[in-house]
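A short worksheet on the structure shown next.
Where a number appears in this text, it was derived from the coordinates with a stated rule and is not lab data. All values derive from a computational prediction rather than experimental measurement. As a convention, Cβ positions derive from the backbone with ideal geometry for all residues, glycine included, and neighbour counts pool all protein chains shown.
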Amino acid sequence: MTTYKNYFDDLVKINAGLSFEIGNRDKFSISTITDTLSDEYLTKVYKLYLKYKNTNDDELKFKLETIKNNFQYKLYLYNIICSYHNEIIEFHYRNKKVYPVKYKQDRINDFNKYIKSIIKKLKEALKLKITIPYIVCKKYLKEIKSYNKELYDYIKNHYIDKCRKTIGLYDLPNGREIYKLYIKNTLGGLDKSPSEIHNLGVSLITKLKKQPRPNDFYTSKKKLFKDCNKIALYIYNNILHKYFHYKPDKPFTLKIVPKKLQKTSSLAYYSPSKDIVYINLSFYKECSKQSLYSLLMHECLHQYHFRFMKHYKLKPYQKYGYDNNALIEGFAHYMEIYCEDYDENNDNDYSILRKLRLVVDTGINYYGWTYEKAMKYMQKYLPNRDNDIINEIDRYICMPTQGLCYYIGKIEIIRLRDKFLKEKKGTIKDFHHKLLINGAVSFITLHKIFN
């Protein structure tokens with residue numbers, strides 16, 4: 001019987017980046033940058049699909065359905081370039097700071113081939129009337145100016161004038177149908193329609209208690225980072241033992257987002273390959289003290305989740321292959337409810353943001369919202385955070401449906417928890433252990449585990 005492990009092992013053999021992320025340090029992993037947009041690589045991926053398409057493994061079936069859709073709808077021609085977590089900038093940073101120096105030029109040569117594939121795929125997409133939004137392309141062009149002349153010149157001289165003025169998937173061929181496929185994949189197999197998600201978000205926002213938002217934003221980067229470390233230590237010392245059987249033998253690790261990555265990064269994120277929570281201090285004026293506890297709970301529990309998998313010796317395919325974002329992000333967001341003084345209808349900024357994502361992501365990509373409409377809607381509920389909102393809207397345009405997995409994942413985990421505890425199958429610690437012990441499996445598998 002073919003399993004996800006068999007598929008994952010084959011994928012690692014053709015993808016050097018994935019091989020490096022799981023810890024391999026052979027020549028292929030450290031000297032190669034795989035051109036994932038090349039026809040050669042796409043052909044290899046399709047051959048894997050054909051090899052495993054008759055599997056009985058539920059997780060592999062779900063993954064192969066995603067691959068099938070990728071080729072059926074030519075999804076690799078959508079969102080080819082992205083101003084959110086710009087991969088051009090990230091490559092140059094990682095090539096200098098993360099990878100071994102020995103094969104630096106080999107990786108640059110490979111990446112230049114990847115640049116040519118980006119240009120080739122942009123040209124293919126143009127013929128099918130699949131274009132990047134002008135507002136994203138303009139920002140992307142500015143970001144890469146000092147990093148890659150070939151791509152910069154092509155976009156500036158031949159591409160940007162052909163970009164569309166709309167921003168959502170809905171305005172592209174098969175856009176709304178593709179958005180539905182993205183939802184199912186992002187939500188780990190949950191069957192949720194765009195209208196259901198949008199209406200849920202609207203109802204949640206209308207239930208918020210009307211009261212003045214606190215104006216307690218940070219006045220210095222130093223103070224923000226100091227409080228981040230203080231709260232992370234509090235979570236380690238006072239929260240983990242209440243809700244989990246396992247507690248890591250060392251506190252959470254926090255570092256500052258490198259300056260070169262700050263403009264295209266979110267306020268905070270966790271890097272599994274480095275086991276570090278990164279804080280983007282460039283947003284210090286838009287980060288409120290009231291919200292910081294929730295933010296750190298979220299990111300530190302990402303780190304806990306990965307340490308949990310490492311402690312219990314989960315296999316590489318379980319740690320890196322399974323990719324149910326609604327479980328990964330939903331779990332971290334779910335853990336925010338265990339912050340002291342949590343109130344579902346009297347939220348901090350980050351909890352409000354997760355609800356706004358349901359409305360604005362679907363609004364942009366399914367209902368045809370303009371950039372201006374999305375901006376005004378978010379400003380109404382998150383005043384004094386324009387830079388953060390701009391970053392968020394970039395996320396919804398460049399990574400459709402990714403923003404949905406936080407809240408939808410959270411409420412699905414709560415549903416499973418309440419059923420588990422009501423049926424007296426164990427303690428809250430037992431539930432969390434059972435939720436995480438198989439890796440980031442789909443909700444298709446989780447429903448079987450908990451039934």
Q) Where does each of Tyr317, Tyr377 land when they are ranked from fewest to most other beta-carbon atoms within 10 angstrom? A) Tyr377, Tyr317
Q: Please give the length that would be gained between Ile414 and Glu90 if that part of the chain were fully extended, namely 0.36 nm times their separation in residues minus their C-alpha to C-alpha distance (nm, one decimal).
A: 113.1 nm
Q.
Sort Leu435, Leu42, Leu128 by Cβ crowding within 10 Å, fewest neighbours at the top.
A. Leu128, Leu42, Leu435
**Q.** Integer Hz, Karplus 6.51/-1.76/1.60 couplings in order for the stretch 91-104, x for Gly and Pro
**A.** 4, 5, 5, 5, 4, 8, 10, 10, 7, x, 5, 3, 10, 4
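Work out how much length Leu208 to Tyr147 would gain on full extension: take 0.36 nm times their residue separation and subtract the Cα-Cα distance, in nm to one decimal. If you can, show how the numbers build up before the last one.
On the way: separation 61, 0.36 × 61 = 21.96 nm, distance 4.43 nm.
This chain segment gains 17.5 nm when fully extended.
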Q: Count the DSSP beta bridges whose two residues both fall in the chain, then state the antiparallel fraction as a percent rounded to the nearest 5.
A: 55
Q: Would you indicate which of (i) 61, 53, 46; (ii) 54, 52, 45; (iii) 59, 45, 34 is the value of Cα extents along the principal axes in Å derived from the coordinates of this structure?
A: (ii)
Q: Could you work out the relative contact order of the stretch 171-451, using alpha carbon pairs under 8 angstrom and six or more residues apart, expressed as a whole percent?
A: 29
Q | Label-to-label distance, nm, for residues given as His433 and Phe28 (7 Å Cα→Cβ offset) | A | 3.8
Q.
Sequence gap of 8 or more, or different chains, plus Cα separation below 28 Å: how many lysine pairs satisfy both in the stretch 368-422?
A. 5
Q) Quick one: if you stick a label point 7 Å off each Cα along the C-beta vector at Lys448 and Asp171, how many nm between them? A) 4.3
Q) 222 nm [θ] for the chain, helices only, -39500 (n - 2.57) per DSSP H run of 4+, per residue, to 500? A) -18000 deg cm²/dmol
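Sequence gap at least 6, Cα distance under 8 Å: using those rules, report the relative contact order of the stretch 4-170 to the nearest whole percent. Walk me through the intermediate numbers first.
Working: 145 pairs, mean separation 40.2, N = 167.
Computed over the stretch 4-170, the figure is 24 percent.
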Q: Please give, to one decimal in nm, the separation of the simple spin-label points placed at Asn384 and Lys138, each 7 Å out from Cα toward the Cβ.
A: 2.9
Q. Which whole-percent values make up P(r) of the stretch 4-170 when all C-alpha to C-alpha distances are grouped in 10 Å steps starting at zero?
A. 9, 33, 34, 21, 3
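Given the Cα-Cα distance of Thr66 and Lys113 and 0.36 nm per residue of separation, how much length would full extension add, in nm?
On the way: separation 47, 0.36 × 47 = 16.92 nm, distance 2.59 nm.
Result: 14.3 nm gained on full extension.
Based on the Cβ-Cβ distance of Asp341 and Lys13, what FRET efficiency does E = 1/(1 + (r/R0)^6) give at R0 = 56 Å, to the nearest 0.05? Write out the running numbers ahead of the final one.
Working: r = 50 Å, r/R0 = 0.89.
With R0 = 56 Å, the Cβ-Cβ based efficiency is 0.65.
How large is the direction-averaged shadow of the alpha-carbon convex hull of the stretch 204-316, in nm²?
Values: hull surface 37.3 nm².
Over every viewing direction, the Cα hull of the stretch 204-316 projects on average to 9.3 nm².
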Q: Step through the residues of the stretch 30-35 one at a time and calculate ³J(HN,Hα) from phi using the Karplus curve (6.51 cos²θ - 1.76 cosθ + 1.60, θ = phi - 60°), rounding each to whole Hz and writing x for Gly and Pro.
A: 9, 10, 10, 10, 6, 7
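Would you mind counting up the charge near Lys425? Only other residues with Cβ under 11 Å from its Cβ, with Lys and Arg at +1 and Asp and Glu at -1. Present the calculation step by step, with values, prior to reporting the outcome.
Details: positive: Arg417, Lys419, Lys422, Lys424, Lys434; negative: Glu423, Asp430.
Combined, the nearby Lys, Arg, Asp and Glu give +3.
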